[in-house]
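Student: Quick one: the structure is below, and I'll ask about it shortly.
The values are calculated or read from the model by the stated rules, or taken from the named source; none is laboratory data. Given the structure is predicted, the values throughout are model-derived calculations rather than measurements. Neighbour counts run over all protein chains shown; Cβ positions are idealised from the backbone, glycine included. To get the accessible areas, we keep the full protein, side chains included, count just its heavy atoms, and leave off ligands, DNA and RNA. Shrake-Rupley method; radii C 1.70, N 1.55, O 1.52, S 1.80 Å.
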Amino acid sequence: MQSTSLPTSWNIDQILDDLNTSGFALVNDAYPKEYIIDLVQECSLHLEEFRAAGIQNGVVSHIRSDHILWIDHQLPIAQQHIKTLQSLSQTLNQAFYLGIKEVEAHFACYNAGEFYALHRDNPQLKNDRMISTVFYLHEHWQEDWGGQLRLQDKNGEWHIIQPTPNRLAIFQSDILHEVLLSKQQRLSITAWLRSGNSIWNN
Ligand code: OGA
Ligand code: MN
């Protein structure tokens, strides 16, 4: 897996410690301001291409109402985030022997009134998602706009995480979480660090 190094501002020991004790970790002010400006611009330029995440192969699910765009080589700015997550994967593999081999990611846009109900990204370890990450890239956020990430840590405690701009949330893919109804446009990149070892291959 190709990678660059992690941003020097990230407190790796803290991330590893939080993941180990709670199953989730937060990185605030993850990237330089210039990067966010470029990323928001790239995301905004492609908003027309986003598709309803709740519709797959014509089947409609009501668990989520956001819109997504998978990230490929045509989105070079977002690719830089994926490179950083590849680097993070190597660090996590060394610390926890997770065997992560690949990173897949999509932009997500929640317009006013949209949400993602309670779910796990890897229920009953049925797929190969080991770690989920969500990076919040909108330029402003107010607490009363909703859109919080609510998650249950691995000790059973619930946490409400604000989608603060430039924050990266990292959590085990098997834990329960949801996105509360958002009252404003909420932009993010969700990425999964995957082992490539799915028994079911889904
Ligand atoms: C997801 C998800 C959480 C968030 O995309 O699977 O749970 O805060 N996202 O956007
Ligand atoms: Mn999820």
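Student: Can you pull out every residue in segment 18-68 that is in contact with an Asp or Glu (Cβ under 6 Å, 6 or more places away or on another chain), among the charged types (D, E, K, R) and not in a loop (DSSP other than H, G, I, E, B)?
Tutor: none
Student: Next question. For segment 142-166, give me each residue that is in contact (Cβ under 8 Å) with a residue 24 or more places away in the chain, open to solvent by less than 40 Å² (accessible area, probe 1.4 Å) and within 11 Å of ligand 1 (Cβ to nearest atom).
Tutor: Correct list: Gly147, Gln148, Leu149, Leu151, Ile161, Pro163.
Student: Pick from Ala112, Ala95, Ala191, Ala105: which is within 12 Å of ligand 2 (Cβ to nearest atom) and either among the small types (Gly, Ala, Ser) or surrounded by fewer than 21 Cβ atoms within 10 Å (Cβ to Cβ) (or both)?
Tutor: Ala191
Student: Let me ask another. Mind telling me which of the residues Leu137, Leu181 ends up being away from ligand 2 (no atom under 15 Å from the Cβ), closer than 26 Å to Ile82 by Cβ, touching a strand residue (DSSP E or B) at 6+ places or on another chain (Cβ under 6 Å) and not acidic (Asp, Glu)?
Tutor: Being away from ligand 2 (no atom under 15 Å from the Cβ), closer than 26 Å to Ile82 by Cβ, touching a strand residue (DSSP E or B) at 6+ places or on another chain (Cβ under 6 Å) and not acidic (Asp, Glu) holds for just one of Leu137, Leu181, which is Leu137.
Student: Looking for something under 19 Å from His46 (Cβ atoms), under 13 Å from the mean Cα position of the chain (by Cα) and among the aliphatic types (A, V, I, L, M) - is there at least one such residue anywhere in segment 154-174?
Tutor: No, the conditions are met nowhere in segment 154-174.
Student: Tally time: how many residues in segment 90-145 are touching a helix residue (DSSP H, G or I) at 6+ places or on another chain (Cβ under 8 Å) and assigned to a helix (DSSP H, G or I)?
Tutor: The number of residues fulfilling the criteria is 4.
Student: Considering only residues that are more than 14 Å from ligand 2 (Cβ to nearest atom), part of a strand (DSSP E or B) and within 23 Å of Gly23 (Cα to Cα), which ones fall in segment 146-159?
Tutor: Once the filter is applied, which keeps residues that are more than 14 Å from ligand 2 (Cβ to nearest atom), part of a strand (DSSP E or B) and within 23 Å of Gly23 (Cα to Cα), segment 146-159 yields Trp158, His159.
Student: Residues that are touching a Cys at 6+ places or on another chain (Cβ under 6 Å) and away from ligand 2 (no atom under 16 Å from the Cβ): does segment 54-74 have at least one?
Tutor: No; the residues of segment 54-74 include none that is touching a Cys at 6+ places or on another chain (Cβ under 6 Å) and away from ligand 2 (no atom under 16 Å from the Cβ).
Student: For segment 122-141, name all the residues that are more than 20 Å from Thr21 (Cα to Cα) and either open to solvent by less than 10 Å² (accessible area, probe 1.4 Å) or within 14 Å of ligand 1 (Cβ to nearest atom) (or both).
Tutor: If the condition is that a residue be more than 20 Å from Thr21 (Cα to Cα) and either open to solvent by less than 10 Å² (accessible area, probe 1.4 Å) or within 14 Å of ligand 1 (Cβ to nearest atom) (or both), then Pro123, Asn127, Asp128, Phe135, Tyr136, Leu137, His138, Trp141 are the ones that fit.
Student: Which of the following residues is more than 21 Å from Ser182 (Cα to Cα), more than 16 Å from ligand 2 (Cβ to nearest atom) and either open to solvent by 60 Å² or more (accessible area, probe 1.4 Å) or not in a helix (DSSP H, G or I) (or both): Ser9, Ser87?
Tutor: None of the other options fit; the residue is Ser9.
Student: If you go through segment 69-84, how many residues are within 23 Å of Gln14 (Cβ to Cβ) and part of a loop (DSSP other than H, G, I, E, B)?
Tutor: Number of matching residues: 0.
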